[in-house]
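To keep things clear, I will list the structure first and then write my remarks on it.
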Amino acid sequence: MRFSHVIGLFSAAAMSAALVGNAAAQSKTVKIGGIFPMSGNAASIGVHVKHAFDVALDIINNPHPELGNFPLAKNGGLAGLGGAKVEIVYADNQGSPATGQNQALRLITEEKVVALTGAYQSGITLTASAIAEKYNIPFVNGESVAPNLTERGFKWFFRVTPIATDFARVYYEFLNDMKAAGAKTDNIAILHDNTEYGASVANTLTTAFKEKGIAVALDVAYATNATDVQSQVLQLKEKKPDVVIAISYTSDAILFAKTMQALDYKPPMLLADDSGYSDPSFIKAVGKISQGVFNRSSWSVGPAGSPTAIIAKMYKDKSGDDMDDTVARQMQALFVLCEAIDRAGSTEPAKIQAALKATDLKPDQIMMGYKGVKFDDKGQNILASGLIIQLQDGENYVSVWPKASAEKTPIMPYKGW
Amino acid sequence: MTFTLVQVIVGGLLLGAVYALFSSGLTLVWGMMNVVNFAHGDFVMLGMYVAFVVYTLLGGGPLIGAPLATLLLATLGVIVYFGLIRDIMKGPMLAQILGTFGLALLLRYSVFWWFGANFLSLPENLVGGTFDIFGIRIQASRLLAGVVALVVTLALHLLLTRTTLGSRMLAVAEDATAAQLMGIRPDSMQAIAWAIAAGATGLAGALIATFFYIVPTVGETLGIVAFVTVSLGGFGSVPGALVAGLLIGVIESLSGYLIGAVYKDIVVYSLFLGFLWFRPQGLMGKT
């Protein structure tokens, strides 16, 4: 075999590895499909979620008495199904709504999964869940916040995370409190990408603020995965808003941080909408030049020895990264889904759907800082809530609002670098 | 207003110089052997990772990272030529496309496997911070990339037009059989072309890494611009890529600032298509 053929073979192998997902199958397990970005610019999310799900499966499939009352931890496997083990069949959405949809179809028809979770980007959750709806397979989402996902009248879609309308309220109340404390918050700019996530969250915030009598003075939209954001930063620099609300995925968030420093632009307050700004690689890459950025979160590590602290440590040992809000919300969705399957005592989709509808988890049965998990008719968790965190030292987010759950007081203005 | 506008144009020029630097390797390979290298963006990505490794292991900046990336990528260029390109060039066009595309995925996912998918970044002040000239801010790292882009373009242009080696390379590009009859070995010439092209690409990567994030898929993000730059400049024309890069940078910046960032790609690509309608060979391409 000549050298060129070896290289050719490697190339072919790389292509097939990228194009074809793994298709391992095992019987007598509960198969759940997980659609996430494993390649493309959001691939770091897929890597994080895989580590998180490994931890979750460890907790579900093996006895973990140290987690106390945490659902599914005590015994090995799902008790309601005679100790059946849970297995995740992953599919790569490649950051594309069309691929996400095809993968949902493949997981349902070929892998015969009993339920689906995913798909990170709201635009892909939108298409993938439409397939689940068509095939009557439950789809439990933990992290997509575009409001319209639960406004489609779907019967098989359940969303655990708080959504843009919840956060519009959180932001509004937070800004009000900051204003009472002497900060200027009248002139608001929203910076967002043009994806389903960025556009819909920006739209929801604008509408919600308008209802409260606050006009969003400047709306800066950009195409995601930008090669350059100088003109957007200059637009903001010229208009001098009091508050910049940034809605960006990781790649763009890093580019904005770098460009803001290069052009010496610091808004008095930078308020980020989770996603990119919560990615641990954002903090590692540009945390030191983004000191003082506010962010929303529903995750908090909690006191030592608590279930959340134990889970956070298991995740850190597994992945090498600290648990962040996004991956924690994804993990929570998997727990909610498995708890429902356990309670249903069956892998029949209709029974799982009924169990999901009856879900009623209390704050001590979940890992997120929600008031619980309970779905309304649209499939939205009505007990989801959140808080405001701040990257004060450029290394770790601390909770700063509301006062009741604050570790530190908010620091103003935005420090940057 | 006018003040910001100057900053926008300066930013656009610096961005454009980077596009030009990014594209020079791609246009050279096309000019030399009519091969479109779809792995080009991933070569740049490798250059970025070389710069990153040099920084984390040796604490060195682009002064060490850039020459090392040039050298390593040039070597890789020769390996790729003899291992893959030489053979697929004999096949149909589709084989070239799929071959280099497969190589792109191989490189991308090897780096993905080795370094992980996390975003990496070099410290912001590695190349001496930012100048402030009458309120116009110029990042030293971008300026360095811009200057190097000019130098590389000039050097490549002089090499091709003023040296014996350049004439031989062009002779092979023109007619490999005739060149062979004149005692020129097409294989060595094309291997040298790949070494130079890949080396320039590695250099570009190492410099871009000083102000851009580093991630295995970054070649995808930057790659499209390279293809547009090369076709606007004229496939095979090194000076064309420079002019096209600067043009695209400024148009992108201006339209992003004046009309809105969401629309800037629409502006750039409609101008691009409109231009190709009148001049399909690009700004400086041969007919």
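Of everything listed in (1) under 24 Å from B:G61 (Cβ atoms); (2) in a helix (DSSP H, G or I); (3) more than 11 Å from the chain's Cα centre (by Cα), the single unmet condition for B:L222 is (3).
Are any residues in the range B:194-219 assigned to a helix (DSSP H, G or I) and among the β-branched types (V, I, T), and if so, which ones? Within the range B:194-219, B:I196, B:T201, B:I208, B:V218 meet the criteria. Taken together, the residues in the range A:290-318 that are within 14 Å of chain B (Cβ to nearest Cβ), surrounded by 20 or more Cβ atoms within 10 Å (Cβ to Cβ) and either free of Cβ contacts under 8 Å to residues at least 60 places away in the same chain or in a helix (DSSP H, G or I) (or both) amount to 0. Going through the range B:134-149 one residue at a time, which ones are assigned to a helix (DSSP H, G or I), touching a Ser or Thr at 6+ places or on another chain (Cβ under 9 Å) and under 11 Å from B:F211 (Cβ atoms)? Selection gives B:A140, B:S141, B:R142, B:L144, B:A145.
Look through A:S4, A:S11, A:S27 and report the one residue that is more than 10 Å from chain B (Cβ to nearest Cβ) and modelled with pLDDT under 80. Please lay out each step first, then the result.
Working: A:S4 fails: more than 10 Å from chain B (Cβ to nearest Cβ); A:S11 fails: more than 10 Å from chain B (Cβ to nearest Cβ).
Sole residue among the options that is more than 10 Å from chain B (Cβ to nearest Cβ) and modelled with pLDDT under 80: A:S27.
Before we move on, is B:G183 away from chain A (no Cβ under 14 Å) and assigned to a helix (DSSP H, G or I)? Step through it out loud before you land on a result.
Values: away from chain A (no Cβ under 14 Å): yes; assigned to a helix (DSSP H, G or I): no.
No; evaluated as a whole, the condition is false for this residue.
One residue stands out among those in the range B:253-268 that are within 16 Å of B:L13 (Cβ to Cβ) and at the interface with chain A (Cβ under 7 Å from one of its Cβ atoms): the one that is nearest to the chain's Cα centre (by Cα), which is B:S253.
Within the range A:26-46, the set of residues being over 13 Å from the mean Cα position of the chain (by Cα) and part of a helix (DSSP H, G or I) comprises just one member, A:A43. The set of residues in the range B:18-54 that are surrounded by fewer than 24 Cβ atoms within 10 Å (Cβ to Cβ), within 13 Å of another protein chain (Cβ to nearest Cβ) and more than 11 Å from B:G219 (Cβ to Cβ) contains only B:F52.
Report yes if B:L106 is within 9 Å of chain A (Cβ to nearest Cβ) and either under 30 Å from A:S278 (Cβ atoms) or not in a loop (DSSP other than H, G, I, E, B) (or both), otherwise no.
yes
For the range B:190-223, the candidate set comprises residues that are of a type in the set (A, V, I, L, M, F, W, C) and within 13 Å of another protein chain (Cβ to nearest Cβ); within that set, the residue that is surrounded by the most Cβ atoms within 10 Å (Cβ to Cβ) is B:A209. A residue that is within 10 Å of another protein chain (Cβ to nearest Cβ) and free of Cβ contacts under 8 Å to residues at least 24 places away in the same chain occurs somewhere in the range B:60-83.
If we scan the range A:229-239, do we find a residue that is facing chain B (nearest Cβ under 9 Å), within 19 Å of A:V327 (Cβ to Cβ), in contact (Cβ under 8 Å) with a residue 24 or more places away in the chain and crowded, with 23+ Cβ neighbours inside 10 Å? Checked the range A:229-239: no residue is facing chain B (nearest Cβ under 9 Å), within 19 Å of A:V327 (Cβ to Cβ), in contact (Cβ under 8 Å) with a residue 24 or more places away in the chain and crowded, with 23+ Cβ neighbours inside 10 Å. Taking (1) of a type outside the set (D, E); (2) in contact (Cβ under 8 Å) with a residue 12 or more places away in the chain; (3) surrounded by fewer than 21 Cβ atoms within 10 Å (Cβ to Cβ); (4) more than 13 Å from A:I32 (Cα to Cα) in turn, A:A84 satisfies each apart from (4).
I'd like to know if the range A:173-187 contains one or more residues that are assigned to a helix (DSSP H, G or I), within 15 Å of A:L126 (Cβ to Cβ) and hydrophobic (A, V, I, L, M, F, W, C).
First, the residues of the range A:173-187 that are assigned to a helix (DSSP H, G or I): A:173-180.
From the residues that got through so far, the ones that are within 15 Å of A:L126 (Cβ to Cβ) too are none.
Checking the range A:173-187: not a single residue is assigned to a helix (DSSP H, G or I), within 15 Å of A:L126 (Cβ to Cβ) and hydrophobic (A, V, I, L, M, F, W, C).
The values are calculated or read from the model by the stated rules, or taken from the named source; none is laboratory data. Note that this is a predicted model, so its numbers are computed, not measured. Here Cβ is always computed from backbone atoms with ideal geometry, including for glycine, and neighbour counts include all displayed protein chains.
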